[in-house]
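**Student:** Could you have a look at this structure, given as structure tokens, before my questions?
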Amino acid sequence: EPEVTQTPSHQVTQMGQEVILRCVPISNHLYFYWYRQILGQKVEFLVSFYNNEISEKSEIFDDQFSVERPDGSNFTLKIRSTKLEDSAMYFCASRGDRGSYEQYFGPGTRLTVT
Amino acid sequence: AQSVAQPEDQVNVAEGNPLTVKCTYSVSGNPYLFWYVQYPNRGLQFLLKYITGDNLVKGSYGFEAEFNKSQTSFHLKKPSALVSDSALYFCAVRDSNRDDKIIFGKGTRLHILP
């Protein structure tokens with residue numbers, strides 16, 4: 001069964017450094033998402049991406065964040081200058097076409113900012 | 001604004017007994033409702049969805065959920081619990097008239113006692 005994959009599984013970085021989290025969505029999916037889950041808290045929406053552009057973003061997704069689909073398979077989340085409060089589990093998700101409703105999630109990348 | 005409430009932090013059920021995990025929601029339009037399960041160190045796995053039609057929907061691993069429009073609820077159920085059902089369960093909603101993002105509840109930890 002096709003799966004969303006994410007790399008790395010765990011990333012440790014120092015405050016102020018740039019990080020790039022990588023995702024490979026399910027191959028024929030058209031809609032892509034990033035969510036995050038701070039330890040012990042809810043899963044929160046960050047951004048949705050369709051047709052090579054952001055379709056929606058939350059207030060969390062400020063100028064420090066960016067997303068990109070550099071080729072036909074990868075979907076990346078970049079944090080330009082990490083802060084301690086960016087420490088969280090980051091989940092990538094994808095959805096098929098307009099007629100599909102459920103999002104399929106990857107296993108997540110645990111980001112630790114020290 | 002969209003929201004999801006899961007009133008129980010933890011539910012304990014004896015193996016073989018029926019289980020219910022509660023969820024209520026609030027959206028301005030028609031809801032698309034989902035249940036996801038998270039096992040330790042794993043991502044979110046899709047269990048089932050309600051989009052339209054029959055109020056009782058069936059999903060993976062013998063789970064089902066009942067949509068109740070008047071009570072704005074979407075409780076997850078299973079007739080006979082297994083120890084392997086022990087995990088963190090998330091209810092989620094998407095407003096069909098609005099955004100693409102999914103709003104998650106805080107999660108309910110289901111503990112099946114052998």
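The values are calculated or read from the model by the stated rules, or taken from the named source; none is laboratory data. If you're wondering where the values come from, they're calculated on a predicted model, not measured in any experiment. Every residue, glycine as well, gets a Cβ built from its backbone with ideal geometry; the counts of neighbours run over all protein chains shown.
**Student:** Could you check the range B:56-94 and list, in sequence order, the residues that are under 14 Å from B:Asn30 (Cα atoms) and either among the hydrophobic types (A, V, I, L, M, F, W, C) or in contact with a Lys or Arg (Cβ under 9 Å, 6 or more places away or on another chain) (or both)? Walk me through it before giving the result.
**Tutor:** Going through the range B:56-94, the residues under 14 Å from B:Asn30 (Cα atoms) turn out to be B:67-74, B:92-94.
Scanning the range B:56-94 gives B:Phe67, B:Ser73, B:Phe74, B:Ala92, B:Val93, B:Arg94.
**Student:** If I ask for residues that are assigned to a loop (DSSP other than H, G, I, E, B) and surrounded by 13 or more Cβ atoms within 10 Å (Cβ to Cβ), which ones from the range B:33-50 would you list? Give the steps one after another, and end with the answer.
**Tutor:** So in the range B:33-50, the residues assigned to a loop (DSSP other than H, G, I, E, B) come out as B:39-43.
Once the filter is applied, which keeps residues that are assigned to a loop (DSSP other than H, G, I, E, B) and surrounded by 13 or more Cβ atoms within 10 Å (Cβ to Cβ), the range B:33-50 yields B:Arg42, B:Gly43.
**Student:** Taking the range A:90-99 as the search range and keeping residues that are surrounded by 19 or more Cβ atoms within 10 Å (Cβ to Cβ) and not aromatic (Phe, Trp, Tyr), which one is farthest from the other protein chains (Cβ to nearest Cβ)?
**Tutor:** Taking the range A:90-99 as the starting set, the residues that turn out to be surrounded by 19 or more Cβ atoms within 10 Å (Cβ to Cβ) are A:90-95.
Now drop any that are not not aromatic (Phe, Trp, Tyr), which leaves A:92-95.
On the way: A:Cys92: 9, A:Ala93: 8, A:Ser94: 12, A:Arg95: 8 Å.
Only one residue fits best here, namely A:Ser94.
**Student:** Same structure again: For the range A:1-47, which positions are farther than 26 Å from B:Pro40 by Cα and within 9 Å of chain B (Cβ to nearest Cβ)?
**Tutor:** A:Tyr31
**Student:** Condition first: within 11 Å of chain A (Cβ to nearest Cβ) and modelled with pLDDT under 95. Now tell me which residues in the range B:89-98 satisfy that.
**Tutor:** B:Arg94, B:Ser96, B:Arg98
**Student:** Return the only residue of B:Glu8, B:Glu15 being of a type in the set (Asp, Glu), touching a residue at least 24 places away in the same chain (Cβ under 8 Å) and closer than 22 Å to A:Ile38 by Cβ.
**Tutor:** B:Glu8
**Student:** Right, something else. Run down A:Glu59, A:Glu102, A:Glu85 and say which single residue is part of a helix (DSSP H, G or I), surrounded by fewer than 22 Cβ atoms within 10 Å (Cβ to Cβ) and on the phi < 0 side of the Ramachandran plot. Before the answer, list the steps.
**Tutor:** Details: A:Glu59 fails: part of a helix (DSSP H, G or I); A:Glu102 fails: part of a helix (DSSP H, G or I).
That would be A:Glu85, the only listed residue that is part of a helix (DSSP H, G or I), surrounded by fewer than 22 Cβ atoms within 10 Å (Cβ to Cβ) and on the phi < 0 side of the Ramachandran plot.
**Student:** Just one of the numbered conditions (1) within 12 Å of chain A (Cβ to nearest Cβ); (2) surrounded by fewer than 18 Cβ atoms within 10 Å (Cβ to Cβ); (3) farther than 26 Å from A:Thr109 by Cβ is not true of B:Gly53; which one?
**Tutor:** (1)
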